[in-house]
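The values are calculated or read from the model by the stated rules, or taken from the named source; none is laboratory data. Computed from a predicted structure; not experimentally measured. Ideal geometry is used to build each Cβ from the backbone, glycine not excepted, and the neighbour counts take in all protein chains shown.
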């Protein structure tokens, strides 16, 4: 028995040292110039690319070249494959767009950079909300520069369609369903949606919050409490998901989120339940909040915010590339970039000391809501976007949510499976 | 085994070594030429397979981790609903895909073998889908199959109001759209294999049969098709290989959806290893896939290499 | 049979007439069937080509099968030179050359190695050659996803991470199984007597290969090159994992382009880019297609 374990250990040690060798040879093989940042991201859609372009030009004005490494598709899942392959080959990119638990997971692998000197000089600890810091630091060490704070419990509506059908902004869930039935009767698509797992889950975020409230949300989606997961409230959540399924059009499977937004923009559909990145698409299409479109919290969730924050996780790079990396991190959290980026992207700055003056009506509301939620401790991470539970659990949720939404599973079965599937993954 | 020895070219067993002064180098040269390829395969195929097998018993999540956890990951795999779906789908997809490709391929080959005037052109037409990756054609296919944009709308516009084709969005039927696109891609290739097989059949036998007055269909069922045995075998192996590896196809067409209704083991393994941070589960699913492949391919290889073909 | 027809000449003529007529019907049926199937096979490509020549307005309003009312090459120009992938708006042309730089050497090296292997495995057999061949052949069947992680580590150690040379190496390695299979089966049917005679004449290992086998390998080289070229050019998985960014092959760029949508999907540009990405393989199939079946006949099918 002992012999066996020793063999195992030796084998492991050999493999481990081989991978270490790969990581340490990083500096030698990288084809990246010293004054260059290599940025892996999946912001390839119109509004997003435009927003990121401001960071690129900021850095270029400081003499730092931007080596763009876009990997589109799958809400960043393809990009994560590339990242893994790059890290395994000991040739990590300078910065990687990343979300929530992924950052912490990478931090634990010991392959991320140490930004503490910069953070101290810039006073990040004071200006970045605590809930966000949780995802940017590991063991007290800053490893990542937050770009923004998004929230997912939003609904976007086409004003012209609402006016034509004659409905006001709904206050609660029943109003919301009632309004959408009216829209349907008037011949429009009530809910623009794309049948991709993460979009289904984004809607789910809002429905859980609307149905069970903040405490239930925390218990079920953050603490993964088995009782909460298999409760009647959860069953009601799935029943509401089924209601929503009846209000999307037939062509929703596989549709990209921005195409769903386009349906609301064009007046084909009335509503979309989507995070505030959708606003970027509206703005990009030349629409004005209040006049052309309306934004409101998922009915029944006003006062709470389910957030997710895009960050640039900084990876350990050769010493010659660190200077450019620090410059980039600094630029990301600078108030100028935070304003320039977030007004375009539709999100809220990741630092609280930025004035909301430059923001439009929806942006001002988002900033106000965020402040309120921080004050009343109702700011929670979004499950759909990896800020409530780690990737494995998040995907276990995805599996059930999407199987239920797209199939004919009953709410009771869905609840049963959810509990089992979450248990299996955690 | 006897046959093997018999088939070894006789000059190798000859007296050449004694009557000619060929040095050791010259003697070993063939092996030296083969060695790099073989070494590379040993390392990059079998080495990596062993590594994966090890990982399937390890605690790996985010990055490979070499802590031994026994069968934990395997238990997790079998408790995962999506894995069951993926296996069911592989069975549905694999069997339909292979059978349809063979049938359509054989039919096309027989039709093309009737001294068709524009055979060359038609052959290229049937073959071309194989030249395109689904990264390229996926957009067109997705469009085609989407009821609101593609075939259904087109038929409606042409006046067939009741025409309905919404398999892509139906979680029960979506896997069949994957079959359709897959068959579209590979059947031409199978056709080429069968056509090559048909052309290789001895004309004398056919002439004799025709003179006997046997009807064409009987010539095919009784004489020609039985002779295509080896082609069936090759086509089968190629198709199994393509079916199990089908990855681009699913990603481009359905992304595994609606829900996870079209997940296949290849996409399952990919998502667990790379996006779900569960490399251990991904590795165990990979090992399972390899076992399926080995169960099909190894007997085939064995019979091929043992039997000899002449 | 023939005796009976001599007995009844008139009925024989009648049946000949019938036979002729039904033969014509049969041929008409066969042609119709072949053409209908050809149309179905062509449909996706047709949609792609037609769409790429329409303006976006027309794409959105019109029927996808309809011919363009007004032909425009704008989408092609945009896809090639100015379409945005991520933050860079230089089109796909750079990635097209990346793919060529990757595919040509990988196909050449892979084919040559396959030819050598096939030569050794058939004409210079040694003890255990079957096991060696079997193991190389099985390598064709491993799912490539499992090699991504260890391979990136190896590429890192070799200093080939994120380079075109790295990709070439990967494609050569994982193509070896098939290239060896093709050549091995082809050379299996190549008469041993010729090799024997050459040895008698004092020819050496390489001389025999270059002078005797290779010049006679035309058909199988075509098959191997077509197979390898298609697989390598169309590969997405390796390209995306080992060479993203500037050295990415065209499939990766295409994927980025198609997913780099603004609120409006520029289907016409996407289609133009997709066809551009497919042109080299299409060209190979059209030009070399006729040799393909011949090559398959020449051995590989018997596999």
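What the table below lists for this structure:
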{"quantity": "Check on residue B:213, in contact (Cβ under 8 Å) with a residue 12 or more places away in the chain and at the interface with another protein chain (Cβ under 10 Å from one of its Cβ atoms)", "calculated": "no"}
{"quantity": "Elements of type helices (runs of 4 or more DSSP H) in the range B:218-310, at least 3 residues being more than 30 Å from residue B:50 (Cβ to Cβ)", "calculated": "B:229-245"}
{"quantity": "Filter result for residue B:283 (away from chain A (no Cβ under 12 Å) and either out of contact with any helix residue (DSSP H, G or I) (no Cβ under 7 Å at 6 or more places or on another chain) or modelled with pLDDT under 85 (or both))", "calculated": "no"}
{"quantity": "Scope the range A:353-365; condition within 11 Å of residue A:342 (Cα to Cα) and in a helix (DSSP H, G or I); matching residues", "calculated": "A:363"}
{"quantity": "Filtered residues of the range A:227-255 (kept if within 14 Å of chain B (Cβ to nearest Cβ) and buried (at least 19 other Cβ atoms within 10 Å of the Cβ))", "calculated": "A:238, A:241, A:245, A:248, A:249, A:251, A:252, A:253, A:254, A:255"}
{"quantity": "Number of positions in the range A:120-139 that are farther than 20 Å from residue A:374 by Cβ and touching a helix residue (DSSP H, G or I) at 6+ places or on another chain (Cβ under 9 Å)", "calculated": "4"}
{"quantity": "In the range A:78-110, the residues that are within 12 Å of residue C:245 (Cβ to Cβ) and assigned to a loop (DSSP other than H, G, I, E, B)", "calculated": "A:91, A:93, A:94"}
{"quantity": "The one condition in (1) within 10 Å of chain C (Cβ to nearest Cβ); (2) touching a helix residue (DSSP H, G or I) at 6+ places or on another chain (Cβ under 8 Å) that residue B:157 fails to fulfil", "calculated": "(2)"}
{"quantity": "Residue check, residue A:361 surrounded by fewer than 22 Cβ atoms within 10 Å (Cβ to Cβ), over 21 Å from the mean Cα position of the chain (by Cα) and without any contact (Cβ under 8 Å) to a residue 40 or more places away in the chain", "calculated": "no"}
{"quantity": "Wholly enclosed helices (runs of 4 or more DSSP H) of the range C:128-194 bearing at least 1 residues away from chain A (no Cβ under 11 Å) and farther than 17 Å from residue C:102 by Cβ", "calculated": "C:129-138, C:164-188"}
{"quantity": "Answer from B:192, B:208 - the residue that is touching a residue at least 12 places away in the same chain (Cβ under 8 Å) and either in contact with a strand residue (DSSP E or B) (Cβ under 6 Å, 6 or more places away or on another chain) or under 27 Å from residue B:222 (Cβ atoms) (or both)", "calculated": "B:192"}
{"quantity": "Meets criteria (part of a helix (DSSP H, G or I), over 16 Å from the mean Cα position of the chain (by Cα), within 14 Å of chain B (Cβ to nearest Cβ) and under 29 Å from residue B:274 (Cα atoms)) for residue A:324", "calculated": "no"}
{"quantity": "One residue from B:55, B:90, B:77, B:96 being under 30 Å from residue A:401 (Cα atoms), touching a helix residue (DSSP H, G or I) at 6+ places or on another chain (Cβ under 6 Å) and at pLDDT 95 or above", "calculated": "B:96"}
{"quantity": "Unique match (being in the same structural domain as residue A:349 (by TED's automatic domain parsing) and buried (at least 21 other Cβ atoms within 10 Å of the Cβ)) among A:131, A:121, A:145", "calculated": "A:145"}
{"quantity": "Residue satisfying condition, being in contact with a helix residue (DSSP H, G or I) (Cβ under 9 Å, 6 or more places away or on another chain) and in contact (Cβ under 8 Å) with a residue 60 or more places away in the chain, within set A:396, A:420, A:389", "calculated": "A:389"}
{"quantity": "Sole residue being in the same structural domain as residue A:54 (by TED's automatic domain parsing), in contact with a strand residue (DSSP E or B) (Cβ under 8 Å, 6 or more places away or on another chain) and closer than 26 Å to residue A:380 by Cβ, chosen from A:332, A:354", "calculated": "A:332"}
{"quantity": "Matching entry among A:275, A:280, A:300 (being at positive phi and modelled with pLDDT under 95)", "calculated": "A:300"}
{"quantity": "Residue check, residue B:297 within 15 Å of the chain's Cα centre (by Cα), away from chain A (no Cβ under 14 Å), more than 30 Å from residue A:80 (Cβ to Cβ) and surrounded by 15 or more Cβ atoms within 10 Å (Cβ to Cβ)", "calculated": "yes"}
{"quantity": "Matching residues in the range C:50-64 - criterion: being surrounded by 17 or more Cβ atoms within 10 Å (Cβ to Cβ), facing another protein chain (nearest Cβ under 9 Å) and closer than 15 Å to residue B:153 by Cα", "calculated": "C:64"}
{"quantity": "Those residues of the range A:51-60 which are within 9 Å of chain C (Cβ to nearest Cβ) and modelled with pLDDT under 85, in sequence order", "calculated": "none"}
{"quantity": "Number of positions in the range C:191-221 that are surrounded by 18 or more Cβ atoms within 10 Å (Cβ to Cβ), in contact (Cβ under 8 Å) with a residue 24 or more places away in the chain and within 22 Å of residue B:27 (Cα to Cα)", "calculated": "5"}
{"quantity": "Positions within the range A:374-386 being touching a strand residue (DSSP E or B) at 6+ places or on another chain (Cβ under 7 Å) and either without any contact (Cβ under 8 Å) to a residue 40 or more places away in the chain or over 23 Å from residue A:332 (Cβ atoms) (or both), in sequence order", "calculated": "A:378, A:380"}
{"quantity": "Selection within the range C:82-96 - closer than 18 Å to residue A:67 by Cβ and part of a helix (DSSP H, G or I)", "calculated": "C:94, C:95"}
{"quantity": "Residue in the range C:112-126 that is away from chain B (no Cβ under 13 Å), without any contact (Cβ under 8 Å) to a residue 24 or more places away in the chain and in a helix (DSSP H, G or I) present", "calculated": "no"}
{"quantity": "Top-ranked residue in the range C:239-250 [being within 7 Å of another protein chain (Cβ to nearest Cβ) and crowded, with 24+ Cβ neighbours inside 10 Å; ranked as modelled with the highest pLDDT]", "calculated": "C:242"}
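So that you can scan it fast, the table gives a plain yes or no per residue for (1) more than 16 Å from the chain's Cα centre (by Cα); (2) more than 7 Å from chain C (Cβ to nearest Cβ):
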{"position": "B:110", "(1), (2)": "yes, yes"}
{"position": "B:115", "(1), (2)": "yes, yes"}
{"position": "B:129", "(1), (2)": "no, no"}
{"position": "B:133", "(1), (2)": "no, no"}
{"position": "B:139", "(1), (2)": "yes, no"}
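Residue by residue, here is whether (1) part of a helix (DSSP H, G or I); (2) within 14 Å of chain B (Cβ to nearest Cβ) holds:
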residue	(1), (2)
A:341	yes, no
A:344	yes, no
A:377	no, no
A:387	no, no
A:398	yes, yes
A:404	yes, yes
A:417	yes, yes
A:422	yes, yes
